[in-house]
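Please read the structure below before turning to the comments.
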Amino acid sequence: MGVFVKLVEDRPPKEYAERGVADISYTDTTDGDSEVVYEYDVLPGGALRILQVARGEAPVVHAVYAADLWFRVEGQWHGSTE
């Protein structure tokens, strides 16, 4: 499934100012016996964390977006049993 992040229109930092990167997708991958899925969670302050989860391994923080940088996220919430 992966995770899709929609960034706000008026956003810092400079590298996110282009419209072309307003939508960011993290796509799950399967390569033979190796499977990596992306999940997300939101910290109490509103920061969005994208977690990379490999089968049999502990989750690794892949990216973090400040609370005022993103406004919508879709995908698998970390901790969900679905």
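Where a number appears in this text, it was derived from the coordinates with a stated rule and is not lab data. Given the structure is predicted, the values throughout are model-derived calculations rather than measurements. So basically every Cβ, Gly included, is an ideal-geometry build from the backbone, and we count neighbours across all protein chains shown.
Remarks
- Count Lys and Arg as plus one, Asp and Glu as minus one, and take only other residues whose Cβ is under 10 Å from that of R55; the net charge is then -3.
- Theoretical gain in end-to-end length, H78 to L43 [0.36 nm per residue, Cα-Cα removed]: 11.4 nm
- Proximal charge balance of F4 [Cβ under 10 Å; K/R count +1, D/E count -1]: 0
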